[in-house]
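J.: Below is one structure. I have some questions about it.
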Amino acid sequence: MIGELYGEPLLNHLESEKVNTKFVQKTNQDRTGFSTILNSFEGDRTVMVYSGANQWFNASHLPLEAMKKADLIFLNHLSEPDSTVIDALATFFEQNPTISLAWNPGGKRLQQGAARWQHLLRHVNVLFLNKQEAALFSGKNPIRNLPEGDEPGCQLHVSRSYLPTYADDVTEMMAELLQYGVQQVVITDGRNGAQATDGKQLYFCPVVSCKRVDSLGAGDAFATGYMTAFLAEQNLNHSLKYGTINAYHVVSRFGAQAGLLTWDRLQESLQKESIDVRSTPFPTF
């Protein structure tokens, strides 16, 4: 959703990247949303968001007939104060079960917890969350991967030889989210890599070592790369690699778009980088 102010440059940019803008919605109720980004010297960032026109997007704006032709729908953070979009999408996927759905919830949805949104979660093919979001959404906490005996009572659910010492055990959070019918849960943790599961196997993927210039957009870049592999019917192992490579190129440059890769460049980069994805059976809870 864009507003009367500042929206046209965004449309022009999308069109220059050959993105179809036919279904972009416009409103005169507010200006286009924007963010102010503060970067640290270490490449971390704080984002101050003004939702603007985004908060006016609701279920009435969904092009439901056109959506029936989609292979995949990616639902990102919503600024809508209530849940009309999610309720409409839950009904849509009930009627169109062959269309894939990826979801990266945010804000109010995370705070209300996964149980509140189970009517949509049962249709989700891939759920993307960072570690902090996963803890909030699932109501579970990660388990720190400390040397054995350092923290009595905190026993990992996976082998210490599987997880590197810097990565936490997130399987309790994953198990909680899987029970709602989600097919794949993906949890990212910045420099500490990403973990994913389909409920049968658990996968860990480290980051590619690089000078981290700007972390803005890393999560979205990861999800984009991951879903590119998903649409190409790649397995979880390859999906994690695609996501990691795309995110690596984004954090190596300033801004959320400069490092994004095309399909061909993704293939080239995958040939150059060696990424060791580990896997182990998902624990029983």
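J.: Those residues that are closer than 19 Å to R122 by Cβ and under 18 Å from the mean Cα position of the chain (by Cα), I need them from region 163-179; list them, please. If you could, list the steps in order and put the result at the bottom.
T.: Initially, region 163-179 is screened for residues closer than 19 Å to R122 by Cβ, giving 173-179.
Once the filter is applied, which keeps residues that are closer than 19 Å to R122 by Cβ and under 18 Å from the mean Cα position of the chain (by Cα), region 163-179 yields M173, M174, A175, E176, L177, L178.
J.: May I pose another question? Given L10, L5, L14, which one is of a type in the set (A, V, I, L, M, F, W, C), surrounded by 11 or more Cβ atoms within 10 Å (Cβ to Cβ) and touching a residue at least 24 places away in the same chain (Cβ under 8 Å)?
T.: On the way: L10 fails: touching a residue at least 24 places away in the same chain (Cβ under 8 Å); L14 fails: touching a residue at least 24 places away in the same chain (Cβ under 8 Å).
Unique residue meeting the criteria: L5.
J.: Further question: So which helices (runs of 4 or more DSSP H) are wholly in region 203-285 and hold at least 2 residues that are polar (S, T, N, Q) and more than 25 Å from N76 (Cβ to Cβ)? Outline the logic, then answer.
T.: Details: elements: 218-231, 236-251, 263-272.
By residue number, 263-272.
J.: Right, another one. What are the residues in region 1-56 that are outside any helix (DSSP H, G or I), modelled with pLDDT under 85 and more than 28 Å from G190 (Cα to Cα), if any?
T.: Those that are outside any helix (DSSP H, G or I), modelled with pLDDT under 85 and more than 28 Å from G190 (Cα to Cα): E4, L5, Y6.
J.: Could you list, in sequence order, the residues of region 17-46 that are charged (D, E, K, R), surrounded by 10 or more Cβ atoms within 10 Å (Cβ to Cβ) and closer than 29 Å to H249 by Cβ? I'd like the intermediate steps shown before the answer.
T.: Pass one, region 17-46, residues charged (D, E, K, R): 17-18, 22, 26, 30-31, 42, 44-45.
Of the ones still in play, those that are also surrounded by 10 or more Cβ atoms within 10 Å (Cβ to Cβ) are 26, 30-31, 44-45.
Within region 17-46, D44, R45 qualify.
Listed here are the residues, each with its yes/no results for (1) of a type in the set (V, I, T); (2) in contact (Cβ under 8 Å) with a residue 40 or more places away in the chain.
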| position | (1), (2) |
| --- | --- |
| I245 | yes, no |
| H249 | no, no |
| L261 | no, no |
| Q271 | no, no |
| I275 | yes, yes |
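J.: Select from region 19-62 the residues that are touching a residue at least 24 places away in the same chain (Cβ under 8 Å) and among the β-branched types (V, I, T) and list them in ascending order.
T.: Hits for region 19-62 are T27, T32, I37, V47.
The values are calculated or read from the model by the stated rules, or taken from the named source; none is laboratory data. Everything quoted here is computed from the prediction, not taken from an experiment. Virtual Cβ from ideal backbone geometry, glycine too; neighbours counted across all protein chains shown.
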